1. Report, by residue number, each residue of the stretch 1-32 that is surrounded by 15 or more Cβ atoms within 10 Å (Cβ to Cβ), modelled with pLDDT under 85 and away from the ligand (no atom under 16 Å from the Cβ).
2. What helices (runs of 4 or more DSSP H) completely inside the stretch 124-233 contain at least 1 residues that are in contact (Cβ under 8 Å) with a residue 40 or more places away in the chain and either within 16 Å of the ligand (Cβ to nearest atom) or closer than 18 Å to residue 253 by Cα (or both)?
3. Considering only the stretch 222-236, I want to know if a residue exists there that is surrounded by fewer than 19 Cβ atoms within 10 Å (Cβ to Cβ) and more than 16 Å from the chain's Cα centre (by Cα).
4. Identify all residues within the stretch 348-380 that are over 24 Å from the mean Cα position of the chain (by Cα), more than 17 Å from residue 390 (Cβ to Cβ) and part of a strand (DSSP E or B); write none if there are none.
5. If residue 189 meets every condition in (1) under 23 Å from the mean Cα position of the chain (by Cα); (2) surrounded by fewer than 16 Cβ atoms within 10 Å (Cβ to Cβ) apart from one, which number is that one?
6. Could you grab me the full set of residues in the stretch 1-11 that are assigned to a loop (DSSP other than H, G, I, E, B) and in contact (Cβ under 8 Å) with a residue 60 or more places away in the chain?
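The values are calculated or read from the model by the stated rules, or taken from the named source; none is laboratory data. Since this is a predicted model, take the numbers as computed values, not measurements. All Cβ positions, even for glycine, are placed from backbone atoms using ideal geometry, and neighbour counts span all protein chains on display.
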Ligand SMILES: [Zn+2]
């Protein structure tokens, strides 16, 4: 049974340059979010990272993903209050930048239509594109105009046929998962009006570097974008980035405003940020190698600390069972050290961390423990998790920040 799609790239998906050298490798890892109810069940795949010497695109060499991943999607925008407010602000900002008050707006990967509704409220004609069948059924019920599928040339032509070309196309937190970015851009080319704007919002490589979010690297994320790589892709398709916002969603993202060449005034912030990327050295595989070496040093410290605690007879529980945790546990080789993980999301409870025998339980399980070490595996949320769990104070438990710095946390007052 071929459960996974698998291919290997030899050229940059953004500019076509040939790969010359691997920047770094993470340990082989299973598909990061495949938390299932069987231990040691998921196959592992290489996580090899290339940096394009021409455009600075960071990307995985091996393209692997479950065939069915987007058919039944469990993430709903409307359940996140943060994202509700975010997309309201997004539509305000975009309307100022694009200098249009109405027209056709298309949201690619529209999820439950949160952003579409914001534009519809302002009198725009809207159309979503959404691959997940369960979410599409919801959109139909809510009477939100959409197409159930992936953005490609056929879908683009169908929209043009039914509604005409788009004044605005948006693509938020979706582009990193697109394998054939050239085909995607060709579809955008057909769909967008000559004076229209295409917005890509995605995680920003510079923030990933700065915050050492190496565990965001897993197979679902094929690309880690710099602006220079996005601009290189645009230029291949007669387009360019003309404006830019840096936003703090998902640990640091960019929102790039893209148009056909010479149709918009390029704002100074675009040139400034492109120059900054060169300065930081995003075209240099060596810079990434050093970045990863620093992270690996920290990983060895975490492993030796947890190994010591384990040999002292402590129970070690990881707090957080997400896709990033799969990367963290496999890359730092911590599988043997955790007795179990806990997660507050019921979907994760009573599963196993992919590719391991580590069970995932409810955090209520911790009340039964004495003298246990709580190592926060969802490390970006360490302070929040610590603050939300005053009942787990010492002496019964010890909270441990594991990354980016090892630190025992005091009691919550
Ligand atoms: Zn490239």
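1. 4 - this is the single residue of the stretch 1-32 that is surrounded by 15 or more Cβ atoms within 10 Å (Cβ to Cβ), modelled with pLDDT under 85 and away from the ligand (no atom under 16 Å from the Cβ).
2. 181-191, 205-210
3. Among the residues of the stretch 222-236, at least one is surrounded by fewer than 19 Cβ atoms within 10 Å (Cβ to Cβ) and more than 16 Å from the chain's Cα centre (by Cα), which makes the answer yes.
4. Once the filter is applied, which keeps residues that are over 24 Å from the mean Cα position of the chain (by Cα), more than 17 Å from residue 390 (Cβ to Cβ) and part of a strand (DSSP E or B), the stretch 348-380 yields 359, 361, 373.
5. Among (1) under 23 Å from the mean Cα position of the chain (by Cα); (2) surrounded by fewer than 16 Cβ atoms within 10 Å (Cβ to Cβ), residue 189 violates only (1).
6. Once the filter is applied, which keeps residues that are assigned to a loop (DSSP other than H, G, I, E, B) and in contact (Cβ under 8 Å) with a residue 60 or more places away in the chain, the stretch 1-11 yields 2, 3.
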